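The values are calculated or read from the model by the stated rules, or taken from the named source; none is laboratory data. Given the structure is predicted, the values throughout are model-derived calculations rather than measurements. We place every Cβ from the backbone using ideal geometry, glycine too, and count neighbours over all the protein chains shown. Ligands, DNA and RNA are excluded from the accessible area calculation, which covers all protein heavy atoms including side chains. Shrake-Rupley method; radii C 1.70, N 1.55, O 1.52, S 1.80 Å.
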Amino acid sequence: MSVKLTTSYWKIREMRKKIRVIQGSMSSAKTFSILIQLFEMAVKQPRTVSTVVTETYPQLKDGVISDMRSIMREAGMDFESLYNKSDKDLILPNKAVIQFRNVDNKDFHKSKGARRHRLFLNEINRLAYPSVEQMIVRTDGEVFMDYNPDREFWVHDEILNAGRDDYDFIILTYKDNEMIPAGELAEIERRIHASKQPGASDQLKNWVKIYAYGELGTYSERRIYSYDFIDEIPATAKRINSGMDFGQSPDPTVLIDLYVDGINLIADERFSANNLMAERIRGADRESIVDRLEALGFPKGQTIVGDSAGRIEILDMRKHGYNARAVKKYPGSVGDGIRKLRGYNLLITRRSSTLKKGIESWFWKVDPNGKIVPEPDGHEPDGLAAIRYAILTYHNKAK
């Protein structure tokens, strides 16, 4: 093929273990190089299946699909004639298939369990580990992962620092991409130079660390919520609504009790559980939400505010005597709830592990210039939605 191969390509090609973790800066050609190798493998191995996964459809369409189109054009093949737009499958003449999937599509959850020969998880810091784990287990061969290291996330806990021996890890930078456009190269080097000047901001230095050198950064200023631990609920605290976020496996259902004490909002995670049934069914071999509430001895007079999409769950709780109600959504209610929550000092009990993990993994977006944008980056984590439902209802009732 006539595609120009970069140092990034050759470094990735030297990786041998099943899981291949590629951490890198911007313009390092990590994604493009992985796609070249997937394409080469598919051409050489008929009737195999490779799956490329991203978070959103725009990211899929304008990112990996666009890159694959360019790779095939350079290889003298017509992408459009081989690509099924409705299924998002690329079927090569040798019957090898390259699938393109985005996790925000409801159909993704039906297909993530399908077996495949190879897997490429693009920008894994945007993907949830429970889904990733299922996909890895159902992949026979190579699993490629790439990301910009703007913060620690599940790859550090579950792979890099977990004592595993089934992965290779490399860091790529813009210097590994001999094909970097001149304008991008000039901008990166300008920022590197500026970061070394007296008075350079910590934000600029952090940007250079992450997006120029491909090193792990700390974007704590991007975190939407901050918190402190609390060892016990103060006697002066007033209990308000509890919040519940209904999960579809592998996402858990989470129940959070809330207390207000002046400007402090205290959150206590009562349970976080997978595979709870939406309604109690006699003789079922799985626990329902009502079963879990009864096991807790949860008071039936205490208000539980849940997502309005959980109609079955709310009706079943009400059927069994619990004071459950749906949050009232309106245009801008998500942003309104976030603002109300940020107006408190958030304190969480030490047992609130799901909530802690969610707070530490949810960030504001950043624009291409490294400026923080007050818009949440990605899906609201488990537990945070539960708090938002409860506090939003509490404030609206107070009005």
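Can you tell me which condition ASP336 does not meet? The list is (1) among the acidic types (Asp, Glu); (2) closer than 17 Å to MET244 by Cα; (3) touching a residue at least 40 places away in the same chain (Cβ under 8 Å), and all the others hold.
Going through the list (1) among the acidic types (Asp, Glu); (2) closer than 17 Å to MET244 by Cα; (3) touching a residue at least 40 places away in the same chain (Cβ under 8 Å), ASP336 breaks only (2).
If I filter the range 129-148 down to residues being among the β-branched types (Val, Ile, Thr) and within 17 Å of LEU35 (Cβ to Cβ), which single residue comes out as farthest from the chain's Cα centre (by Cα)?
Taking the range 129-148 first, the residues among the β-branched types (Val, Ile, Thr) are 132, 136-137, 139, 143.
In the following step, the residues that additionally are within 17 Å of LEU35 (Cβ to Cβ) were identified as 139, 143.
Working: THR139: 20, VAL143: 18 Å.
If we take residues in the range 129-148 being among the β-branched types (Val, Ile, Thr) and within 17 Å of LEU35 (Cβ to Cβ), then THR139 is farthest from the chain's Cα centre (by Cα).
For the range 24-48, give me each residue that is outside any helix (DSSP H, G or I) and buried (at least 19 other Cβ atoms within 10 Å of the Cβ). I'd like the intermediate steps shown before the answer.
From the range 24-48, those outside any helix (DSSP H, G or I) are 24-29, 45-48; that's our starting set.
Listed by number, the residues that qualify are GLY24, SER25, MET26, SER27, SER28, ALA29, THR48.
What single numbered condition from (1) out of contact with any Ser or Thr (no Cβ under 9 Å at 6 or more places or on another chain); (2) within 23 Å of LYS328 (Cα to Cα) fails to hold for ALA235?
All conditions pass for ALA235, except number (2).
Among the residues of the range 247-260, what is the count of those that are outside any strand (DSSP E or B) and among the hydroxyl-bearing types (Ser, Thr, Tyr)? Spell out how you get there, then give the answer.
Within the range 247-260, the first condition is being outside any strand (DSSP E or B), and the residues that meet it are 247-252.
Next, only the ones that are among the hydroxyl-bearing types (Ser, Thr, Tyr) stay: 249.
Qualifying residue count for the region: 1.
What number of residues within the range 258-267 satisfy the criterion of being in contact with a Ser or Thr (Cβ under 9 Å, 6 or more places away or on another chain) and buried (at least 22 other Cβ atoms within 10 Å of the Cβ)? Steps first, please.
Let us first name the residues in the range 258-267 that are in contact with a Ser or Thr (Cβ under 9 Å, 6 or more places away or on another chain), namely 258, 261-262, 266-267.
Narrowing the set further to residues that are buried (at least 22 other Cβ atoms within 10 Å of the Cβ) leaves 258, 266-267.
The total comes to 3.
So GLY199 ticks every box in (1) at pLDDT below 90; (2) crowded, with 18+ Cβ neighbours inside 10 Å but one. Which box is left unticked?
(2)
A quick yes/no check of all residues on (1) at pLDDT below 95; (2) under 15 Å from the mean Cα position of the chain (by Cα); (3) of a type in the set (Ser, Thr, Tyr); (4) crowded, with 18+ Cβ neighbours inside 10 Å:
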| site | (1), (2), (3), (4) |
| --- | --- |
| ASN94 | no, no, no, no |
| ASP104 | yes, yes, no, no |
| SER111 | yes, no, yes, no |
| GLU123 | yes, yes, no, yes |
| LEU127 | yes, yes, no, yes |
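Wholly within the range 323-399, which strands (runs of 3 or more DSSP E) include no fewer than the required count, namely at least 3 residues that are open to solvent by 40 Å² or more (accessible area, probe 1.4 Å)?
Values: elements: 324-326, 345-349, 363-366, 372-377.
It comes to 372-377.
Filter the range 205-246 for residues that are in a helix (DSSP H, G or I) and either acidic (Asp, Glu) or surrounded by 17 or more Cβ atoms within 10 Å (Cβ to Cβ) (or both) and give the result. Even if it seems obvious, please write down each step before you answer.
Just the residues of the range 205-246 that are in a helix (DSSP H, G or I), to begin with: 205-212, 220-222.
Result: ASN206, TRP207, VAL208, LYS209, ILE210, TYR211, ALA212, GLU221, ARG222.
Report every pair of residues separated by at least 6 positions or lying on different chains whose Cβ atoms are under 6 Å apart, first residue within the range 140-151 and open to solvent by 10 Å² or more (accessible area, probe 1.4 Å), second charged (D, E, K, R).
From the range 140-151, the pairs are GLY141/ARG118; GLU142/ARG118.
If I go through the range 247-256 residue by residue, how many of them are touching a strand residue (DSSP E or B) at 6+ places or on another chain (Cβ under 6 Å) and open to solvent by 10 Å² or more (accessible area, probe 1.4 Å)?
Number satisfying all stated conditions: 2.
Of the residues in the range 276-291, how many are in a loop (DSSP other than H, G, I, E, B) and either touching a residue at least 60 places away in the same chain (Cβ under 8 Å) or open to solvent by less than 60 Å² (accessible area, probe 1.4 Å) (or both)?
3
Please determine whether any residue of the range 264-275 is in contact (Cβ under 8 Å) with a residue 12 or more places away in the chain and part of a loop (DSSP other than H, G, I, E, B).
The initial filter retains those residues of the range 264-275 that are in contact (Cβ under 8 Å) with a residue 12 or more places away in the chain, namely 264-275.
Still in the list and also part of a loop (DSSP other than H, G, I, E, B): 274-275.
There is at least one residue in the range 264-275 that is in contact (Cβ under 8 Å) with a residue 12 or more places away in the chain and part of a loop (DSSP other than H, G, I, E, B).
Condition check ((1) over 30 Å from LYS340 (Cβ atoms); (2) hydrophobic (A, V, I, L, M, F, W, C); (3) free of Cβ contacts under 8 Å to residues at least 60 places away in the same chain) across all residues:
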| position | (1), (2), (3) |
| --- | --- |
| GLY163 | yes, no, yes |
| ALA186 | yes, yes, yes |
| LYS205 | yes, no, yes |
| GLY214 | yes, no, no |
| ASP228 | no, no, no |
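Tell me which residues, restricted to the range 1-23, are within 14 Å of TYR167 (Cα to Cα) and open to solvent by less than 80 Å² (accessible area, probe 1.4 Å).
Selection gives ILE12, MET15, LYS18, ILE19, ARG20, VAL21, ILE22, GLN23.
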